[in-house]
Amino acid sequence: MRFKDKVVLVTGGAQGIGKEIALGFAKEGAAVACFDMNQDALDSTANELNKVSKGKGYLCNVTNLSEVELNVNKVIDNFGRVDILVNNAGITRDNLMLRLSESDWDAVISVNLKGAFNCMKILTKPMAKQRGGKIVNISSVIGIMGNAGQVNYAASKAGLIGVTKSLAKELGGRNVTVNAVAPGYIQTAMTDKLDDKVKEKMLARIPLARMGQPSDVAKAVLFLASEDADYITGQVLVVDGGLI
Ligand code: NDP
C-alpha cells in the first residue's frame, strides 16, 4: 500500500497503459482521477477503480488549458489535492514526411506535448506550495531512437524528455520530482493496428523476445511515483525489453 492517502491524476487513464497505471495506484491505496475523452471508457474504468479504492473519471481534452484548469480544480474539490501526476494521454498520426500533413503534425504535438505541458502548468503551483509531488511523463523509445514514419510522434516524445529534465531542475528545490518512462513496443490498441509483418520485425529486435504489457509500464511508473524514488529526478526509465 505505497500510495495510501495519495491522490493521483492520470491523463488518458480510461484505457490502455493509462488504465493499467490507474488501477495499479488504486490497488496500492491511492484515490485516482482519470482525464480522458472517452466517456464510456471513463465510466467503466471509474467502476473498476471504485472496487479497489476511490476513483473518478473526468471528461477532459488535455490540449485545452482552460479545460485542464477547470478539471484539475474539480479533482482538488473532490479529493483535496493532487500528489502525483502521470502525463500519459497520447496519440499517433503516422506518415512519412513526404505525406505527413500539417494537421497530423499539429494534432500529435498538441496532445502528446502541449497536453502534458497544460497539466504540468496547472499543477506546478499547488505541488510547489505543498512542498512535494511526483510527475511522471510517458515518453517513448521513439523519442530517443527515432522511427521512419513518425517524425511528429518522435518530436513530441523527445520534447517531453526535454521538458522532464528542465522541470526537474526548476522544481527540485520544492521537493517535486519529474521523471519520464520511455516504453518500447507495448501491447495496446495503439500497437494492435500495426501490420503483422511490422510486429514480427519488431519482435526479432527485442532481446526479451516479447512485446511489453501495460503492466510492465505501470510497474515502472509506480516505482518513480513512490518513496523508493525520492532521490531520483530528471531521469528517463526505458521499459523496452532491451530494444534500444
Ligand atoms: P491508447 O490509445 O490505448 O490510450 C490513450 C488514451 O489517451 C485514450 O484513452 C485516449 O482517448 C486518450 N486521449 C487521447 N487524446 C486525448 C486528449 N486530447 N485528452 C485526453 N485524453 C486523450 O494508447 P496507449 O495506452 O497505447 O498509450 C498510452 C501512452 O503510452 C501514450 O502516450 C503513448 O504514446 C505511450 N506509448 C505507448 C506505446 C505502445 O506501444 N502502446 C509505446 C510507447 C509509448 P480516446 O481513445 O478517446 O482518444
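The values are calculated or read from the model by the stated rules, or taken from the named source; none is laboratory data. Quick caveat, the model's predicted, so the values are computed rather than measured. No Cβ is skipped: glycine too gets one built from the backbone with ideal geometry, and neighbour counts run over all protein chains shown. The accessibility values were calculated without ligands, DNA or RNA, using every heavy atom of the protein model including side chains. Shrake-Rupley method; radii C 1.70, N 1.55, O 1.52, S 1.80 Å.
Scanning the stretch 119-150 for residues that are assigned to a helix (DSSP H, G or I), open to solvent by less than 60 Å² (accessible area, probe 1.4 Å) and in contact (Cβ under 8 Å) with a residue 24 or more places away in the chain yields C119, M120, I122, L123, T124, P126, M127, A128, G143. Contact map, the stretch 54-68: first residue assigned to a helix (DSSP H, G or I), second residue among the aromatic types (F, W, Y), Cβ cut-off under 8 Å, separation 6 or more or different chains; pairs are V68/F35. Of all the numbered requirements in (1) free of Cβ contacts under 8 Å to residues at least 40 places away in the same chain; (2) buried (at least 20 other Cβ atoms within 10 Å of the Cβ); (3) within 14 Å of the ligand (Cβ to nearest atom), S44 misses one, and that requirement is (2).
Residue under question is A41, and the condition is that it be in contact with a strand residue (DSSP E or B) (Cβ under 6 Å, 6 or more places away or on another chain) and of a type outside the set (D, E, K, R); does it hold? It is false that A41 is in contact with a strand residue (DSSP E or B) (Cβ under 6 Å, 6 or more places away or on another chain) and of a type outside the set (D, E, K, R). Taking first residues from the stretch 15-29 that are of a type outside the set (A, V, I, L, M) and near the ligand (Cβ under 8 Å from one of its atoms) and partners that are open to solvent by 10 Å² or more (accessible area, probe 1.4 Å) and in a loop (DSSP other than H, G, I, E, B), the Cβ contacts under 6 Å between residues at least 6 apart in sequence or on separate chains come to G16/T188; G18/G12; G18/N88. Among the residues of the stretch 162-187, which ones are within 12 Å of the ligand (Cβ to nearest atom) and either among the hydrophobic types (A, V, I, L, M, F, W, C) or open to solvent by 20 Å² or more (accessible area, probe 1.4 Å) (or both)? Hits for the stretch 162-187 are A180, V181, A182, Y185, I186, Q187.
For every residue, the table says whether it meets (1) at pLDDT 95 or above; (2) out of contact with any Gly (no Cβ under 8 Å at 6 or more places or on another chain); (3) of a type outside the set (A, V, I, L, M).
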residue: I186; (1), (2), (3): yes, no, no
residue: P214; (1), (2), (3): yes, no, yes
residue: Q235; (1), (2), (3): yes, yes, yes
residue: V239; (1), (2), (3): yes, no, no
